Amino acid sequence: MTTPAKAYVVAGSESTGGAGFQVDIKTFQQLGVYGIGTLTCIVNFDPNNGWNHRFHPIDPALVAEQMESAMACHALDTVKIGMLGTPGVIEAVSASLKQQEWKNIVVDPVLICKGQEPGAALDTDNALREHILPLATVVTPNVFESQVLSGMDTITCVDDLAEAAKRIGEHGVNYVVAKGGVEIPGNDAVDVIWDGTQIIETRRPKVGNERVSGAGCTLAAAITAELAKGNDIVSAVETARDVVSQGIVKRVEGATPFDTVWQGAIASK
Ligand code: PXL
């Protein structure tokens, strides 16, 4: 018998394999963690229409049923929440999560998916803030999401990012990992961790200036896997950044206009 650490993900499928659920499960496996997953929606990029997102929600009752199976089968204490897609799914996921105790709830606050109605997206943002963020122990916003969640008008430097992280922390999240990515000028991609008392900066040299698909999903999934193994947040983020940096160096090309992260680049841990 084998007893690996287990991590659970509740997220959407992105059918080219470059983001979402597929990335989460690949990342868990690469880091030696047994992955369990629940699908919330399906996103199919359209090759005949500029690779625009075709978004298909999954019935909230079907999401709840998947969560029932997963949570009954495995003693889980660590979960990543990725794209949820609709207010109905958000409410179902929140209700299911509340049926047990969790040590780590890592929320990647995927706010906008192209192809969704702006009005629907706003409802979804509000539902995420109301039902999911209060449950989060870790949240991993990119610059845009940090702006929206902190209410700041602009984030143009690392000090702004740190301020946004502190403000998001006021919502009761234990750890905010605010990602600067390629958005903030400088040679390094800087992320900041707010732990409720201090800001910890983490840096990696930028690998070009192009956004690579799946970087955010990979980062949050790797943090989740490392927390599932019992590691602390700072070492989890550092390992996750190595997974992403090396995965971008060895990125994978497809017919889409952007490359995607290769989760297999880092040696299995
Ligand atoms: O990268 C954000 C993301 C997350 N989850 C799903 C997605 C995307 C972006 O396309 O499709 C399912």
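Taking segment 35-62 as the range and being more than 12 Å from the ligand (Cβ to nearest atom), surrounded by fewer than 17 Cβ atoms within 10 Å (Cβ to Cβ), within 23 Å of residue 80 (Cα to Cα) and not acidic (Asp, Glu) as the test, the residues that pass are 61, 62.
Under the condition of being in contact with an Asp or Glu (Cβ under 6 Å, 6 or more places away or on another chain) and more than 14 Å from the ligand (Cβ to nearest atom), the residues counted in segment 63-101 number 1.
Restricting the search to segment 245-263, which residues are part of a loop (DSSP other than H, G, I, E, B) and open to solvent by 80 Å² or more (accessible area, probe 1.4 Å)? Of everything in segment 245-263, those that are part of a loop (DSSP other than H, G, I, E, B) and open to solvent by 80 Å² or more (accessible area, probe 1.4 Å) turn out to be 250, 251, 253, 255, 257, 262.
Of 240, 225, all but one fail to be buried (at least 20 other Cβ atoms within 10 Å of the Cβ), within 21 Å of residue 20 (Cα to Cα) and in contact with a strand residue (DSSP E or B) (Cβ under 8 Å, 6 or more places away or on another chain); the exception is 225. Scanning segment 105-125 for residues that are outside any loop (DSSP other than H, G, I, E, B) and either at pLDDT 95 or above or in contact with a helix residue (DSSP H, G or I) (Cβ under 8 Å, 6 or more places away or on another chain) (or both) yields 105, 106, 107, 123, 124, 125. Within the set 112, 58, the sole residue that is more than 17 Å from the chain's Cα centre (by Cα) and without any contact (Cβ under 8 Å) to a residue 40 or more places away in the chain turns out to be 58.
The values are calculated or read from the model by the stated rules, or taken from the named source; none is laboratory data. Note that the structure is a prediction, hence the values are computed from the model and not measured. Positions of Cβ are generated from backbone atoms using ideal geometry, with glycine treated the same way; all protein chains shown enter the neighbour counts. The area values use the complete protein model at the heavy-atom level, side chains included, leaving out ligands, DNA and RNA. Shrake-Rupley method; radii C 1.70, N 1.55, O 1.52, S 1.80 Å.
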